[in-house]
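Visitor: Below is one structure. I have some questions about it.
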Number of protein chains: 2
Amino acid sequence: MCDSCGCHIPDHETTTQTVDVHESLLAANTKQADENRQHLDAMGAVAINLISSPGSGKTTLLEHTIQQLRDEMKIGVIEGDIETERDAARIRKQGAPAVQITTGGACHLDARLVHKGLHQLQHESNVEKFDIIFIENVGNLVCPATFDLGEHERIVLVSVPEGSDKPAKYPKAFISSQSFLITKTDLLPYFDFSIEEAKTEAMKLNPALKILELSSTTGNGFENWLSHVRQLVKK
Amino acid sequence: MCDSCGCHIPDHETTTQTVDVHESLLAANTKQADENRQHLDAMGAVAINLISSPGSGKTTLLEHTIQQLRDEMKIGVIEGDIETERDAARIRKQGAPAVQITTGGACHLDARLVHKGLHQLQHESNVEKFDIIFIENVGNLVCPATFDLGEHERIVLVSVPEGSDKPAKYPKAFISSQSFLITKTDLLPYFDFSIEEAKTEAMKLNPALKILELSSTTGNGFENWLSHVRQLVKK
């Protein structure tokens, strides 16, 4: 079997059957996502789903965000990864409860895994109510864009080293997100990255997208990011 | 339906059915991959499948490689992308025939798409025999590792900005590859990337892995890479 994602191969004999299975699986995911949202609403938490390629700086962003906000709000983190447990350990060092969900080969989180993660987070931390729960998705710009996890806000990240053509090349991630974070802006002098191109292409795909630029290393733009998080929590 | 990869959601009612479908799809892919290898062998070409995250420098590596080798061997390129046609245009500017295969949402190439790409490449370029065919997979470190395309050599790339923890986090890409390229080494002074960690973790997963370091920008390490390509063509 395809133990990474079960991706389908276009094939006349099997396509119809595959489509049917996938449609029912996606419908089941959406149902579970709606239940997750009710669960989150009941505990008064806003959930943020972070999606990006590997290495765009999601975990580093969370480390710095927790440092800045841990005294004013209750933060929990669900870390998605294919195999390792490293990221949750990094988050816990910043003083926030974190659970690591390993997907066992799959290239994205789904609503069922997040449902388990939510219960595990409450149970292990002995905390019933969070103000905000960050969900760090598996590093992948493609499949996570298709799966509603029950989040209130989806944020897509692109780091400067990845290139400003990424919105045009991975449109669904930008169409399905509410915000777009351009990260590692301290590296702009060393890369042929056009902030203008990235913004224009992203806005073409999704004119309602909120776009922020920041560097976790220098702190440039970080205050705007923190304001955005505070606003989401207030809603 | 799941239009990006048809990823399956673990679910008791549907898992068995999904696994069956995926097993037959993967078996069909392997069969087609074997046919692709016969097709390539018949034309005397070696095929190299490049897999990596988005933005690791696959297209830039190919541009520089073609510049250096176009006078001594016949090079063709199959570019895999989800939506856009940009990369093939960049390759053609370097004087090599290139076809762009868009996957229509899927997060990886499969053997059937590459089969079509091979015929299209021969037809459009009016070239029957190539010495080497590079296949640039969709930017994704997860699913491409599962799909044999009929290539002779699979090469996984990690660029310095992505971080040296990538082998441990995306093991299958390293287990299934013959070579590992560490790219953008000119950026080592600006990143917390440990060449030692990347190599050690990769070798733990796959002790037979050939590891090369290079910078397409400065040309450091590029001669070793070209020697490796020349050796593959000679085989």
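The values are calculated or read from the model by the stated rules, or taken from the named source; none is laboratory data. Small disclaimer: the values here were computed from a predicted structure and weren't measured. Quick reminder, even Gly has a Cβ in these numbers, built from the backbone with ideal geometry, and neighbours come from all protein chains shown. The area values use the complete protein model at the heavy-atom level, side chains included, leaving out ligands, DNA and RNA. Shrake-Rupley method; radii C 1.70, N 1.55, O 1.52, S 1.80 Å.
Visitor: Go through region A:44-63 and give me each residue that's assigned to a helix (DSSP H, G or I) and under 17 Å from residue A:154 (Cα atoms).
Guide: Hits for region A:44-63 are A:58, A:59, A:61, A:62.
Visitor: Would you point out which residue out of A:152, A:119 is under 21 Å from residue A:43 (Cβ atoms), surrounded by fewer than 19 Cβ atoms within 10 Å (Cβ to Cβ) and free of Cβ contacts under 8 Å to residues at least 40 places away in the same chain?
Guide: Values: A:152 fails: free of Cβ contacts under 8 Å to residues at least 40 places away in the same chain.
The unique qualifying residue is A:119.
Visitor: Another question, then. Can you find, within region A:171-183, the residue that is farthest from the other protein chains (Cβ to nearest Cβ) among those that are more than 20 Å from residue B:138 (Cβ to Cβ) and open to solvent by less than 20 Å² (accessible area, probe 1.4 Å)?
Guide: Taking region A:171-183 as the starting set, the residues that turn out to be more than 20 Å from residue B:138 (Cβ to Cβ) are A:178-183.
Filter once more, so that each one left must be open to solvent by less than 20 Å² (accessible area, probe 1.4 Å): A:179-183.
Values: A:179: 19, A:180: 15, A:181: 15, A:182: 13, A:183: 11 Å.
Once the filter is applied, the top-ranked residue is A:179.
Visitor: Within region A:162-170, is there a residue that is within 14 Å of chain B (Cβ to nearest Cβ), assigned to a helix (DSSP H, G or I) and touching a Gly at 6+ places or on another chain (Cβ under 6 Å)?
Guide: We begin by selecting, within region A:162-170, every residue within 14 Å of chain B (Cβ to nearest Cβ); these are A:162-170.
If we keep only those that are assigned to a helix (DSSP H, G or I) too, we end up with A:162, A:166-169.
Now drop any that are not touching a Gly at 6+ places or on another chain (Cβ under 6 Å), which leaves A:162.
Yes: region A:162-170 contains one or more residues that are within 14 Å of chain B (Cβ to nearest Cβ), assigned to a helix (DSSP H, G or I) and touching a Gly at 6+ places or on another chain (Cβ under 6 Å).
Visitor: Let me spell it out: the conditions are (1) part of a loop (DSSP other than H, G, I, E, B); (2) more than 9 Å from every other protein chain (Cβ to nearest Cβ), and residue A:100 meets all of them except one. Which number is the exception?
Guide: Of (1) part of a loop (DSSP other than H, G, I, E, B); (2) more than 9 Å from every other protein chain (Cβ to nearest Cβ), only one is false for residue A:100: (1).
Visitor: Could you figure out which of (1) within 12 Å of another protein chain (Cβ to nearest Cβ); (2) open to solvent by less than 10 Å² (accessible area, probe 1.4 Å); (3) closer than 17 Å to residue B:162 by Cβ isn't true of residue A:186?
Guide: (2)
Visitor: Every residue in region A:96-115 that is of a type in the set (A, V, I, L, M) and either open to solvent by less than 10 Å² (accessible area, probe 1.4 Å) or farther than 18 Å from residue B:170 by Cα (or both), please.
Guide: Narrowing region A:96-115 to residues of a type in the set (A, V, I, L, M): A:96, A:98-99, A:101, A:106, A:109, A:111, A:113-114.
Answer for region A:96-115, where residues must be of a type in the set (A, V, I, L, M) and either open to solvent by less than 10 Å² (accessible area, probe 1.4 Å) or farther than 18 Å from residue B:170 by Cα (or both): A:96, A:98, A:99, A:109, A:111, A:113, A:114.
Visitor: So which residues in region A:125-161 are part of a helix (DSSP H, G or I) and farther than 21 Å from residue A:82 by Cα?
Guide: Quick first cut of region A:125-161, residues part of a helix (DSSP H, G or I) only: A:125, A:143-146, A:160-161.
A:125, A:160, A:161 - these are the residues of region A:125-161 that are part of a helix (DSSP H, G or I) and farther than 21 Å from residue A:82 by Cα.
Visitor: Now, a different point. Failed condition for residue A:147, given (1) under 17 Å from the mean Cα position of the chain (by Cα); (2) open to solvent by 10 Å² or more (accessible area, probe 1.4 Å), with all others met?
Guide: So the condition that residue A:147 fails would be (2).
Visitor: On to the next question. Kindly list the number of the only condition in (1) aliphatic (A, V, I, L, M); (2) out of contact with any strand residue (DSSP E or B) (no Cβ under 6 Å at 6 or more places or on another chain); (3) open to solvent by 10 Å² or more (accessible area, probe 1.4 Å) that fails for residue B:61.
Guide: (3)
Table: residues versus (1) farther than 27 Å from residue A:172 by Cα; (2) open to solvent by 50 Å² or more (accessible area, probe 1.4 Å); (3) charged (D, E, K, R); (4) out of contact with any Phe, Trp or Tyr (no Cβ under 9 Å at 6 or more places or on another chain).
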site	(1), (2), (3), (4)
B:45	yes, no, no, no
B:48	yes, no, no, no
B:53	no, no, no, no
B:66	yes, no, no, no
B:71	yes, yes, yes, yes
B:78	no, no, no, no
B:83	no, yes, yes, no
B:86	no, yes, yes, yes
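Visitor: Further question: Residues of region A:195-210 being farther than 11 Å from residue A:166 by Cα and open to solvent by 40 Å² or more (accessible area, probe 1.4 Å), which ones?
Guide: Of region A:195-210, the ones farther than 11 Å from residue A:166 by Cα are A:195-196, A:200, A:203-210.
A:196, A:200, A:203, A:204, A:205, A:207, A:208, A:210, listed by residue number.
Visitor: Can you find even one residue in region B:25-43 that is closer than 26 Å to residue B:227 by Cα, within 18 Å of the chain's Cα centre (by Cα) and not in a helix (DSSP H, G or I)? Reasoning before the result, please.
Guide: Step one: of region B:25-43, the residues closer than 26 Å to residue B:227 by Cα are B:36-43.
Checking which are within 18 Å of the chain's Cα centre (by Cα) leaves us with B:36-37, B:40.
Checking the rest, the ones that are also not in a helix (DSSP H, G or I) come to none.
No: region B:25-43 contains no residue that is closer than 26 Å to residue B:227 by Cα, within 18 Å of the chain's Cα centre (by Cα) and not in a helix (DSSP H, G or I).
Visitor: For region A:108-141: of the residues being within 18 Å of residue A:30 (Cα to Cα), within 14 Å of another protein chain (Cβ to nearest Cβ) and in contact with a helix residue (DSSP H, G or I) (Cβ under 9 Å, 6 or more places away or on another chain), which is modelled with the lowest pLDDT? Step through it out loud before you land on a result.
Guide: Filtering region A:108-141 for residues within 18 Å of residue A:30 (Cα to Cα) gives A:108-118, A:135, A:137.
Of the ones still in play, those that are also within 14 Å of another protein chain (Cβ to nearest Cβ) are A:108-117, A:137.
Narrowing further to those that are in contact with a helix residue (DSSP H, G or I) (Cβ under 9 Å, 6 or more places away or on another chain): A:108-112, A:114-115, A:137.
Numbers: A:108: 92, A:109: 95, A:110: 95, A:111: 96, A:112: 95, A:114: 97, A:115: 97, A:137: 96.
Within region A:108-141, the match that is modelled with the lowest pLDDT is A:108.
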